[in-house]
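Below is one structure, written out as structure tokens; the observations come after it.
The values are calculated or read from the model by the stated rules, or taken from the named source; none is laboratory data. Predicted model only: the values in this text are computed from it and were never measured. Every residue, glycine among them, receives a Cβ derived from its backbone with ideal geometry; neighbour counts consider all protein chains shown. Calculation scope for accessible area: heavy atoms of the full protein, side chains included, ligands and nucleic acids excluded. Shrake-Rupley method; radii C 1.70, N 1.55, O 1.52, S 1.80 Å.
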Amino acid sequence: MTTLFTNARLINPAEGTDASGWLLVTDGKIAGFGTDAPPAAEETIDCGGLCLAPGIVDIGVKVCEPGERHKESYKSAGLAAAAGGVTTMVTRPDTLPAIDTPEVLEFVERRANEAAPVNVLPMAALTKGREGREMTEIGFLMDAGAVAFTDCDHVVRDTKVLSRALTYARSCGALVMAHPQEPVLSKGAAATASKFAALRGLPSVSPMAERMGLDRDIAMVEMTGVRYHADQITTARALPALERAKNNGLDVTAGTSIHHLTLNELDVADYRTFFKIKPPLRAEEDRLALIAAVKSGLIDVISSMHTPQDEESKRLPFEEAASGAVALETLLPAAMRLYHNGDLTLPELFRALALNPAQRLGLESGRIAEGAPADLVLFDPDAPFVLDRFKLRSKSKNTPFDGARMQGKVHATYVAGEAVYRRD
């Protein structure tokens with residue numbers, strides 16, 4: 001079966017181009033693309049001048065199976081991902097219980113393959129129970145399908161345990177994803193230390209806590225030689241350390257969340273708990289520094305950090321409310337804010353949304369190239385809408401963008417050339 005996409009605005013992050021053209025799909029793979037006369041095909045899809053880009057590879061998605069299926073299941077997360085142009089979800093192991101054994105990992109893979117219409121790649125815990133005391137069976141977990149190892153927001157405090165885990169991960173060629181944060185300073189924090197937090201009486205943490213955590217992690221990477229990815233860099237203070245690590249040749253990459261690129265600490269306003277995320281929202285100066293770092297390539301990846309929370313855990317005083325926001329469906333329209341503001345071009349955005357995360361994980365997707373999987377998103381970057389959280393496909397509705405005016409609608413999502421979502 002051959003499918004030809006014509007009259008498309010091709011977004012090619014590898015080449016940095018944004019041009020009208022065509023793309024041919026054969027047997028689930030990209031067979032060719034160009035701007036000249038298109039070839040013949042069994043099926044032709046007229047894109048009507050809409051953008052056709054590589055499907056988003058979203059690192060750090062929380063799906064609440066096992067343990068909290070009422071918050072998010074693989075079926076609901078998969079449907080939300082497809083509607084948001086996400087063709088690959090890289091899922092976190094911070095479930096109940098944690099994904100820390102091959103048996104639990106195999107259960108997760110089986111559930112994901114049965115229920116989700118998009119690709120699902122699971123990460124596994126770095127230490128048992130994410131408790132930071134004993135490392136997991138990294139080799140066996142890799143054999144079972146783990147693409148990376150992380151304790152998520154549970155920072156491993158014992159540096160001897162961490163050094164052993166990183167050394168073993170290095171010997172296996174495993175990727176370790178860490179949450180840069182000094183755990184004692186950041187414990188109990190609900191906001192970033194500032195005049196704003198002080199006036200509202202919120203427990204806060206200095207941006208230096210992130211810098212201190214990253215400095216320690218970089219030292220451990222230098223000592224062990226492990227492949228390392230920082231899940232969220234959110235402050236300007238951390239950027240010089242990240243730049244030095246890269247300049248020194250360490251195998252280090254970094255990501256940030258779409259919320260830290262599009263929101264700041266003032267959005268919390270009068271204790272709006274849907275804006276409570278981890279790390280907390282930062283100052284506007286930090287947000288602008290992060291955008292510049294994405295543009296320069298210092299920060300490699302933009303992700304949703306999709307974290308479902310039910311109404312009961314959010315409808316609490318700000319200090320007590322759970323952290324996190326759903327973002328699989330809002331990732332692309334929120335990213336369009338950066339495009340429409342003139343901060344990032346579409347190829348630069350999809351370099352961070354698709355190409356770089358795919359490359360970091362050793363995937364063939366995330367690019368417009370012959371032989372690459374035909375994981376694609378067709379979207380209108382200009383289409384306006386007002387977000388209604390109750391129309392989101394995620395089981396949980398905790399989005400900070402509820403009622404916001406946004407631009408960017410996904411028209412169709414394709415996985416291996418097959419449509420897994422079409423807008424009504």
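Of note:
- Length gained on full extension, residue 43 to residue 70, computed as 0.36 nm times the residue gap minus the Cα-Cα distance: 5.7 nm.
- Against the chain, whose longest principal axis is taken from its Cα atoms, helix 74-83 shows a tilt of about 50°.
- Shape index of the chain: Rg/Rh, with Rg the Cα radius of gyration and Rh the Kirkwood radius from the inverse mean 1/r over Cα pairs, equals 0.95.
- Relative to the longest principal axis of the Cα atoms of the chain, the long axis of helix 208-224 makes an angle of roughly 80 degrees.
- Using only side-chain charges placed at the Cβ, +1 for Lys and Arg and -1 for Asp and Glu, the dipole size of the range 155-270 relative to its Cα centre rounds to 320 debye.
- Relative to the Cα centre, the charge distribution of the chain, modelled as +1 at Lys and Arg Cβ and -1 at Asp and Glu Cβ, gives a dipole magnitude of about 940 debye.
- Using the Stokes-Einstein relation with a Kirkwood hydrodynamic radius computed over Cα pairs, the translational diffusion coefficient of the range 1-65 at 20 °C and a viscosity of 1.002 mPa s comes to 165 µm²/s.
- Per residue value of the accessible surface for the range 78-146 (all protein chains in place, 1.4 Å probe), Å²: 37 Å²
- Separation in nanometres of the label points that stand 7 Å from Cα toward Cβ, at residue 272 and residue 106: 4.7 nm
- Distance between modelled label sites at residue 385 and residue 185, nm, 7 Å Cα→Cβ extension: 4.1 nm
- Estimated from helical segments only, the mean residue ellipticity of the chain at 222 nm is -8000 deg cm²/dmol, where each DSSP H run of four or more residues counts as -39500 (n - 2.57).
- Approximate spin-label separation residue 199-residue 143, in nm, with each point projected 7 Å along Cα-to-Cβ: 5.9 nm
- Note: relative contact order over the chain, using C-alpha pairs below 8 Å and six or more positions apart, is 20 percent.
- Most to least packed among 403-409, 63-69, 304-310 [average Cβ atoms within 10 Å]: 304-310, 63-69, 403-409
- Normalised contact order of the range 228-303, rounded percent, pairs of Cα under 8 Å and 6 or more residues apart: 41 percent
- Judged by the ratio a/c of the largest to the smallest principal axis of the C-alpha gyration tensor, the range 42-186 counts as prolate, that ratio being 1.5 or greater while a/b is larger than b/c.
- Cα-based reach from residue 295 at 22 Å (exclusive), listing lysines while leaving out same-chain residues under 8 positions away: 246
- Top of 269, 293, 112 by mean-square fluctuation, Gaussian network on the chain, Cα under 10 Å: 269
- The angle between the Cα long axis of helix 331-340 and the longest principal axis of the Cα atoms of the chain comes to about 80 degrees, rounded to the nearest 10.
- Under 24 Å of direct C-alpha separation, and excluding same-chain neighbours fewer than eight residues apart, residue 395 reaches these lysines: 62, 71, 75, 276, 278, 314, 409.
- Share of carbon and sulfur in the accessible heavy-atom surface of the chain [1.4 Å probe, %]: 49 percent
- Cross-link reach list, aspartates and glutamates versus residue 391, counting only Cα pairs under 18 Å and skipping chain neighbours closer than eight places: 72, 310, 311, 329, 402, 424
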